[in-house]
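S.K.: Here's a structure for you.
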Amino acid sequence: MKQRDFHRGRIKIITMFMLAGLFLGFPNADASIHEYRMEAFSPRSDAFFFHGGSEGLYASKLHEPTSASETKQSLKGKSSISFDSVTFVRPKEMANKHNEMQQNTGLVEAIILEVKDREKIGGSSLKSDIICCNKYHSEQGVCKVGEVIIHNNPDNPGWPKRIKTFFQGNNEEVKMELENVEINSTGMYYLYFMFCDPQLKGTLIKGRTVWKNPNGYLPGKMAPLMTFFGVMSLAYLVLGLGWFLRFVQFWKDIIHLHYHITLVIALGMCEMAVWYFEYSNFNSTGSRPMGITLWAVTFGSVKKTLSRLLLLVVSMGFGVVRPTLGGLTSKVLLLGLVYFIATDALELVEHLGNINDFSGKAKLFLVLPVAFLDACFILWIFSSLSKTLEKLQMRRNLAKLELYRKFTNALAVSVLLSIAWIGFENQSLP
């Protein structure tokens, strides 16, 4: 007994350290406020670029003139991308090659474009792989030497948007002027910082950009979720109230499983309410409150784990056919613990990282264990159901047999719908 308690204590300690490591490993999670901390430009073709962010933005509801000095209150109803203290730092040896009195000794461009206009950047329409304008294209009147080639969209004059920032003399740093770029067309927007001058190689960027939608700072793909979580909070509240009334009505017939079902409903209610509060806070400030997000993710992971364990033990006949799980208890708890760690890690990385930080490889690395464990749960559940049905049939317990058959059919339909939904989501990915 003491040895078992020792092992349980050791597992709890390991789990706590793993979750603490995950939590402390995250930087401040910003999302709508994209911060740049002395980051480098990457070479591509004949240019150097830095990805400043990408988000879905809705068109402004108001179309009054926008100035860089406007307050948050005056920006209500407007969708914009704002540049806040964005500074470029070039290597000292490159800066010293220029005279102090020289002007425009290096050009860095900020380019904002919709995803549909990606082909308008560079020489793709000129049947060329180049990005920067050379003497030949300049003579053709297409562009100016040393600038990124941009073909304006005839349906949306002035877009893609180009903002130029020049180094002066032998200065090592140059700061972008404060500017708000108003968004008047709903779409997926990208921001790139680019330069064509090889002498600027090694230049770094610092500062931040603020991306705002008409109703707040929530990105376009996340904006509907605040309403969704609000509605789900109310739905769980109604479900919890109905369950409580039935619980009180039949309190003499309550078995141990009913307490676990009550816990799952309570966890779901807490999860939805905390997510709604988290998204509401995010929408108001532009930054994710890490503490609230951590609680929401933890509530969700515990609820998912407990609901799967509940399905598994019911499928085994616990509380209905058999009073205990016997030697299977430790295996069931171990699977639940591993599943909780895997799903919590996935949710933490997905929600506490920056919106465009979550690369495909990182996601695949964390999604695969969760998918594998879900498959283990499904196989074990249906295998246990088969044995339980067989046992009930042998005992000729027709009432419980019919109940388990309906349970099996409902579960099979749920699994098929889940698989269909996963297929639909993968098909709809760009």
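The values are calculated or read from the model by the stated rules, or taken from the named source; none is laboratory data. Being a predicted model, the structure only gives us computed values, none of them experimental. Every residue, glycine as well, gets a Cβ built from its backbone with ideal geometry; the counts of neighbours run over all protein chains shown.
Residues are listed down the side, and each one gets a yes or a no for (1) under 18 Å from the mean Cα position of the chain (by Cα); (2) in a strand (DSSP E or B); (3) within 30 Å of Leu107 (Cα to Cα):
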position	(1), (2), (3)
Glu177	no, no, yes
Asn180	no, yes, yes
Ser185	no, no, yes
Tyr189	yes, yes, yes
Thr209	no, yes, yes
Gly230	no, no, no
Leu237	no, no, no
Phe244	no, no, no
Val248	no, no, no
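S.K.: Which of the numbered conditions does Leu234 fail, given that it passes all the others? Conditions: (1) free of Cβ contacts under 8 Å to residues at least 24 places away in the same chain; (2) among the aliphatic types (A, V, I, L, M); (3) assigned by TED's automatic domain parsing to the domain that holds Ser386.
M.R.: The one condition Leu234 does not meet is (3).
S.K.: Select, from Thr324, Thr293, Thr343, the only residue that is closer than 19 Å to Val367 by Cα and hydroxyl-bearing (Ser, Thr, Tyr).
M.R.: Testing whether each residue is closer than 19 Å to Val367 by Cα and hydroxyl-bearing (Ser, Thr, Tyr) leaves just Thr343.
S.K.: Going by the structure shown, is Thr293 closer than 27 Å to Leu57 by Cα and in contact with a His (Cβ under 6 Å, 6 or more places away or on another chain)?
M.R.: On the way: closer than 27 Å to Leu57 by Cα: yes; in contact with a His (Cβ under 6 Å, 6 or more places away or on another chain): yes.
Taking the combined requirement at face value, the residue satisfies it.
S.K.: Any residue at all in the stretch 320-327 that's in the same structural domain as Ala412 (by TED's automatic domain parsing), free of Cβ contacts under 8 Å to residues at least 40 places away in the same chain, buried (at least 16 other Cβ atoms within 10 Å of the Cβ) and on the phi < 0 side of the Ramachandran plot? Working first, answer last.
M.R.: So in the stretch 320-327, the residues in the same structural domain as Ala412 (by TED's automatic domain parsing) come out as 320-327.
Applying the additional criterion that residues be free of Cβ contacts under 8 Å to residues at least 40 places away in the same chain yields 322-327.
Filter once more, so that each one left must be buried (at least 16 other Cβ atoms within 10 Å of the Cβ): 325.
If we keep only those that are on the phi < 0 side of the Ramachandran plot too, we end up with 325.
For the stretch 320-327, residues in the same structural domain as Ala412 (by TED's automatic domain parsing), free of Cβ contacts under 8 Å to residues at least 40 places away in the same chain, buried (at least 16 other Cβ atoms within 10 Å of the Cβ) and on the phi < 0 side of the Ramachandran plot: present.
S.K.: Restricting attention to the stretch 131-176, report how many residues are under 20 Å from His98 (Cβ atoms) and touching a His at 6+ places or on another chain (Cβ under 7 Å).
M.R.: 2
S.K.: Taking the residues in the stretch 274-289 that are among the hydroxyl-bearing types (Ser, Thr, Tyr) and surrounded by fewer than 21 Cβ atoms within 10 Å (Cβ to Cβ) as candidates, determine which candidate is nearest to Glu35 (Cα to Cα).
M.R.: Ser287
S.K.: Something else now. Counting just the residues of the stretch 136-165 that are surrounded by 17 or more Cβ atoms within 10 Å (Cβ to Cβ) and either more than 16 Å from Ala110 (Cβ to Cβ) or outside the structural domain of Leu107 (by TED's automatic domain parsing) (or both), which one comes out modelled with the lowest pLDDT?
M.R.: Ranking the candidates gives His137 first.
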